[in-house]
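Taking it in order: structure first as structure tokens, then the write-up.
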Amino acid sequence: MVARIKLLVTSGRSNENMTDSLSARQIQILKLLIDEYIETAEPVGSETLDKKFNLGISPATIRNEMAELIKKGFLKQIHTSSGRVPTPKAMKLYVDQLMVEKQMSLADEVKAREDVDKGKGDIDRIMDGATHALAQQTGNLSVAAVDTYGKIWHAGYANIFSNPEFSDMLVCESLFSMIDQVDRINDLLFHRMDPASILDVMFGEELSWPNLGPVGIVSTHFNIYGRKGALGVVGPARLSYSRVVPILKYFGSLIEEATR
């Protein structure tokens, strides 16, 4: 099932119109390139796409299409590498329209429900349990907040070190500093991201906060005991969104269900 969700697009254009300027071939190349980038964390070149996916066109044609995708703001070149990486614009299109969600296993759904239900009747216990369980199931850093509550919850710091993007200590220091600041997290989850949406995605380079360029954040919003709540997964910009998104949405729905 292809995800159809409302996302925050800083360019002001809706994601529904993003594909209007792209040919079917360009959309195919973009999706495959993003899939490969998420898997390898390396810039992707035309030769890689040609050899791995057998697109039926020459590497030169692939290069030409990639050049068009650069002009349209969907790809960019990193340093002098011959490969290309997706821009935030491309990643949002991918999450919104191109990726196929990987459904949770029944065992993971049952475990998630148990972890959330343990805290029924207490905001702090529910959010603490949810963030720890979410970090464990996604293998990333998780963060949560309740609007006007004055507290944030987070778990899974050690998980991010499995990603090469976080070998840079300046990135880690900036990220950990942000996570520890209630005002910045509330600003991010309830103002910069859209609290009216079921799911929202934002990237570090959009925030204009130092050293957060490699970071990606995906969040879901819900009601919790009459307040607006948010739960997010933080990791590299190339998060495995097809796996993370259904898990995140499921946790959000469980919290809302448990606190009605």
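Figures for the structure shown
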read-out: Residues satisfying the stated conditions in the stretch 37-50, i.e. over 16 Å from the mean Cα position of the chain (by Cα) and assigned to a helix (DSSP H, G or I); value: Thr40, Ser46, Glu47, Thr48, Leu49, Asp50
read-out: Verdict on Phe251 being under 24 Å from Gly129 (Cβ atoms) and touching a residue at least 40 places away in the same chain (Cβ under 8 Å); value: yes
read-out: Condition check for Met127: in a helix (DSSP H, G or I) and within 24 Å of Leu212 (Cβ to Cβ); value: yes
read-out: Filter result for Asp194 (touching a residue at least 40 places away in the same chain (Cβ under 8 Å) and loosely packed, with under 15 Cβ neighbours inside 10 Å); value: no
read-out: From the options Leu189, Leu175, residue that is within 18 Å of Glu206 (Cβ to Cβ), in contact (Cβ under 8 Å) with a residue 24 or more places away in the chain and touching a Gly at 6+ places or on another chain (Cβ under 8 Å); value: Leu189
read-out: Helices (runs of 4 or more DSSP H) fully within the stretch 142-260 counting 3 or more residues that are of a type in the set (A, V, I, L, M, F, W, C) and out of contact with any Pro (no Cβ under 8 Å at 6 or more places or on another chain); value: 169-179, 241-258
read-out: Residue in the stretch 16-31 that is at pLDDT 90 or above, surrounded by 13 or more Cβ atoms within 10 Å (Cβ to Cβ) and part of a strand (DSSP E or B) present; value: no
read-out: Some residue of the stretch 64-83 being at positive phi, surrounded by 14 or more Cβ atoms within 10 Å (Cβ to Cβ) and touching a helix residue (DSSP H, G or I) at 6+ places or on another chain (Cβ under 9 Å); value: yes
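The values are calculated or read from the model by the stated rules, or taken from the named source; none is laboratory data. Model, not experiment: these values are computed from the prediction. Virtual Cβ from ideal backbone geometry, glycine too; neighbours counted across all protein chains shown.
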